[in-house]
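Every read-out reported here was derived from the displayed coordinates using simple, explicitly stated rules and does not represent laboratory data. Keep in mind the model is a prediction, meaning the values are calculated, not measured. A quick note on method: Cβ atoms are made from the backbone with ideal geometry, for glycine too, and the neighbour counts reach across all protein chains shown.
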Amino acid sequence: MVALLASGGMNRCKQASKLVLKRLKSPIGYNDGTGPVLANTDSVSLLSSKTGPVALQKKLEDCGNTFITDVRVRKRWDQDSEGEKLARAAAKVKGCNRIVQRFQNVHKIYSRESHVYQCDFFRLMYFPPDHFLSMFRKSKPAVNVRTVGQVFLNGSDSSGDGSTGNVLFQQNSQKNGFLKTQSTVNSLGKLFESNPSNIPRNYAFLRRNLRVLLRKCFIKEWCTLNGDLAVQEALSRKSFGTKYTDPDGRTRPGVAKDGYYMYQVLIFPDKGTKNEFQSCVRESVQIVSRLDWDKFLKPQSSKTQNKTWVQLANDRVRIQSLNKSLQSNEMPFVVKRFWY
């Protein structure tokens, strides 16, 4: 019996599993806007609803006008400006459920393969839609902005003379690596350690402005790379292999990917480096869009039993413990594991 159980456990280790999120009956007063997205949830998009000329209920010439001649009524269009569309779309970009984020931190379920981009300002961790974290994203796509360690306001020394530390951080200095970022942060730490007011995390409005700036830039580039159209295509067609998706239903290279984007901020941008920060955000979205799914999902470890790193991460999830956390927080969802 023991041998059978042991062999069964070994077979399960070799088998691939899939996590499925199922919704239960919502309790009274539950806010659907705080829950994870469903399979049929639309993506965030810059495309507005139907626009067209608004029909006037009354004509100007019917108002008894006797002193203005040759009146030409100008058509009024019911459409927002580009800035309003962008602001509205950015406001719809949400993050990931905190319960699941806390679960990940407690059980230390981390994957180095998720680290896809780094510059002087931030590093980006990307989790595909079938990752257990991404399953609890609250929008398509989802973006979370976190501050890591002592985060400094880039180059802004509030000593009173308005000088900036250009030596520490110069225009176009970003690098997709670790050494430059680490040296920059260490130098800033020595410069500002005597002046805590230079640490932006002490100011809520700076954190909010950073989130708004990043999400606006992110969703604009994400839609430019047709991420919203790819989600719509997947929802509207039963068969894949069309313009934006491949035969397996995955986005083609160059098309923005749905999923959970976690930005870990290392240095806050200021007015002088705002453009460079936005350029880095756009570049991060582009790099994710160009990822080849098969290469990206392949684990860095050679002892993987032919599983993807997402499957390996999901295998470490204790379903009973996670469902207990969801229940205690009155989340009307349950996670189930299926082996295949």
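Figure the gain on full extension for ARG337 and LYS271 (residue separation times 0.36 nm, minus the Cα-Cα span) and round it to one decimal in nm.
18.9 nm is the gain from fully extending ARG337 to LYS271.
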* Which whole-number percent gives the relative contact order of the range 214-265, counting Cα pairs below 8 Å spaced six or more residues apart? -> 31 percent
* Asked: When the Karplus curve 6.51 cos²θ - 1.76 cosθ + 1.60 is applied with θ = phi - 60°, which whole-Hz ³J(HN,Hα) does each residue of the range 93-110 get, with x for Gly and Pro?
  -> 6, 10, x, 10, 4, 5, 4, 6, 5, 5, 4, 4, 5, 5, 8, 6, 9, 10
* Using mean Cβ contacts within 10 Å as the protection proxy, how do 219-228, 315-324 order, highest first? -> 219-228, 315-324
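Taking 0.36 nm per residue of separation and subtracting the Cα-Cα distance, what length does fully extending LYS243 through GLN320 add? Don't skip to the end; give the middle numbers.
Details: separation 77, 0.36 × 77 = 27.72 nm, distance 4.01 nm.
Between LYS243 and GLN320, full extension yields 23.7 nm more.
If each residue of separation counts as 0.36 nm, what is the full-extension length gain between ASN306 and ILE287 once their alpha-carbon separation is subtracted? The partial results should precede the final answer.
On the way: separation 19, 0.36 × 19 = 6.84 nm, distance 2.52 nm.
Extra length from ASN306 to ILE287 when fully extended: 4.3 nm.
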* Asked: Points 7 angstrom from Cα along the Cβ direction at ASP130 and ASP42: gap in nanometres?
  -> 2.7 nm
* Structure fact -> Nearest-0.05 FRET efficiency for ASN209 and ALA16 at R0 = 45 Å, using Cβ-Cβ distance, is 0.55
* **Residues whose placed amide H lies under 5 Å from that of PHE333, excluding near-sequence neighbours** => LEU24
* To do: Using label points projected 7 Å from each Cα along Cα→Cβ, tell me how many nm separate ARG102 and GLN232, to one decimal.
  => 3.8 nm
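Which entries in LYS220/LYS336; LYS25/LYS295; LYS220/LYS298; LYS140/LYS274 show an alpha-carbon gap greater than 32 Å?
Values: LYS220/LYS336 35 Å; LYS25/LYS295 39 Å; LYS220/LYS298 29 Å; LYS140/LYS274 26 Å.
Violating the 32 Å Cα-Cα cut-off are LYS220/LYS336; LYS25/LYS295.
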